[in-house]
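What follows is a short report on a single structure.
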Amino acid sequence: MPPPGMWALGVLGLVLSCRGAGAFVMHMASSCALAANGSEQGFNFTLAFNKNQLVCYEPNVRLFYPCHGGLLHGVATVLAILFNNSTLVQRVEARRQACRDLAPHYWAQTALRRTPPQVRVVPTPLTNVPDAVLLTCHVWGFYPPNVTIQWLRNGDVVASGDAAKLLPAGDWTYQTQVALTATATTGDTYTCSVQHASLEKPLRENWSPGLSREMTVMVAVAATIMTVGLVVLAAGIFVYCRQPRARGPLGPGPAPHPGPAPHPGPAPHPGPGPAPHPGPGPGPCPPGPGPHPGPHLAEWGQAVTKL
C-alpha cells in the first residue's frame, strides 16, 4: 500500500488539473556529495514541483520539512507531516546507506583511475614566413587532468610548461594542445614530450621536415637518370652475351666441322735413277711454304745437316 504522502501527491495533482493549472512535473531527486578523499560529505533528498523544491529532507535529524516559500508552502507543510509519519523516512535512509557503501567503489573507478594520454603532432605551413611551420601537439584522453608538455629540437628543450588550457572530453578525460613555430630545416627533429601520472616515462611524438621542392625535383631527376643507365647497361650486357665469339690469333675458336676422309691412293714407287745431288750455289734455300708440305721437306733437312 502506498504511503500517505503518495496519496497526498495524487490529490494535489488532481486538484491542480481541475483548476486549469496546465501541465506540471513533480519528481523526487537524491544526491551524494563526496569529499576530496572519496568519503561521503553529504546527502540530499527533495521533492520538486516544476523544478522548484517543495519538500526537503534533513539527514541529521531524519525529518522532512517544507522548503517552498511561495503559494505552495501550505501544501509543502502538509506533505512534510505525511512523509514523516510514513515509511518514506526508512526508504530515504536506505538510499543514504547505499550511497555510503558505493562511494569508495565509485571513487576508485573515477577519481583515482589513471588513463594514459595519446599524442599527435600536426604541422601547418606558414605562408607569410618562408621556411616556417606551425607545429601543434594534440594531447587527449588522459586523466587526471595534470599534464606537462615539452617541445624538444634535436633532443634539446626549446619550450616547456604545464598545459594552460584543459578541455573536458565528456567521458571523464581531458584534452589540450600546445603550439610551436619552427624553422623547417632538413635534418632537424622536433619532439613533443608529454609527462603524465599514468606514464612510467614521457610519451614522445617526433616530426621532421621533408625535402624542399627544389631538392625533391633534383632527387627525382637523378633517380630517373640512374634507372635509364641501368636499363641501357643491362641491355648491352645481354646483347654481348648473345653474340658468337670469333677465332682469335691466340685463343681457341669454334672447332671446324669434320668433313669426309679422303680415299687412300696407291703409294708412289721410287724410280731407278740416282738421288739428286745439290748443285753449286750460294746455299740451299728451303722451299717456300705451300699449302700442303710433303716428304721433300724432310730430305732438304737432311741435306742441310750434312753440309
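The values are calculated or read from the model by the stated rules, or taken from the named source; none is laboratory data. Just so you know, these numbers come straight off a predicted model, no measurement behind them. Virtual Cβ from ideal backbone geometry, glycine too; neighbours counted across all protein chains shown.
For the stretch 172-188, how many residues are polar (S, T, N, Q), assigned to a loop (DSSP other than H, G, I, E, B) and free of Cβ contacts under 8 Å to residues at least 40 places away in the same chain? Outline the logic, then answer.
First, pick out the residues of the stretch 172-188 that are polar (S, T, N, Q): 173, 175-177, 181, 183, 185-186.
Narrowing further to those that are assigned to a loop (DSSP other than H, G, I, E, B): 173, 185-186.
Within this subset, residues satisfying the condition of being free of Cβ contacts under 8 Å to residues at least 40 places away in the same chain are 186.
Residues meeting the conditions: 1.
Kindly evaluate residue 202 against the criterion of being modelled with pLDDT under 90, under 22 Å from the mean Cα position of the chain (by Cα) and not polar (S, T, N, Q). Write out each step before concluding.
Values: modelled with pLDDT under 90: no; under 22 Å from the mean Cα position of the chain (by Cα): yes; not polar (S, T, N, Q): yes.
So residue 202 does not fit the description; no.
Based on what the data block shows, is residue 34 at pLDDT 60 or above, more than 57 Å from the chain's Cα centre (by Cα) and surrounded by 11 or more Cβ atoms within 10 Å (Cβ to Cβ)?
Working: at pLDDT 60 or above: yes; more than 57 Å from the chain's Cα centre (by Cα): no; surrounded by 11 or more Cβ atoms within 10 Å (Cβ to Cβ): yes.
No.
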Given the condition touching a residue at least 40 places away in the same chain (Cβ under 8 Å), surrounded by 14 or more Cβ atoms within 10 Å (Cβ to Cβ) and within 12 Å of residue 117 (Cβ to Cβ), answer yes or no: does some residue in the stretch 157-171 qualify?
no
Of (1) surrounded by fewer than 17 Cβ atoms within 10 Å (Cβ to Cβ); (2) over 18 Å from residue 26 (Cα atoms), residue 96 satisfies every one except (1)
Taking the conditions exactly as written (on the phi < 0 side of the Ramachandran plot, loosely packed, with under 14 Cβ neighbours inside 10 Å and at pLDDT 90 or above), does residue 213 satisfy them or not?
no
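For every residue, the table says whether it meets (1) among the hydroxyl-bearing types (Ser, Thr, Tyr); (2) closer than 17 Å to residue 27 by Cα; (3) in contact with a Leu (Cβ under 6 Å, 6 or more places away or on another chain); (4) not assigned by TED's automatic domain parsing to the domain that holds residue 31.
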{"position": "45", "(1), (2), (3), (4)": "no, yes, no, no"}
{"position": "55", "(1), (2), (3), (4)": "no, yes, yes, no"}
{"position": "58", "(1), (2), (3), (4)": "no, no, no, no"}
{"position": "67", "(1), (2), (3), (4)": "no, yes, no, no"}
{"position": "85", "(1), (2), (3), (4)": "no, no, no, no"}
{"position": "91", "(1), (2), (3), (4)": "no, yes, no, no"}
Q) Within the stretch 119-136, can one find any residue that is modelled with pLDDT of 90 or more, assigned to a strand (DSSP E or B) and of a type in the set (Lys, Arg)? A) yes
For the stretch 102-115 the number of residues that are modelled with pLDDT of 85 or more, surrounded by fewer than 15 Cβ atoms within 10 Å (Cβ to Cβ) and not hydrophobic (A, V, I, L, M, F, W, C) is 2
*Using the structure shown, decide if residue 135 is farther than 30 Å from residue 28 by Cβ and in contact with a Pro (Cβ under 6 Å, 6 or more places away or on another chain).*
yes
Within the stretch 114-151, the residues that are among the charged types (D, E, K, R) and over 15 Å from residue 200 (Cα atoms) are 120, 131
*asked:* On the basis of being exposed (fewer than 13 other Cβ atoms within 10 Å of the Cβ) and within 25 Å of the chain's Cα centre (by Cα), does residue 128 make the cut?
replied: no
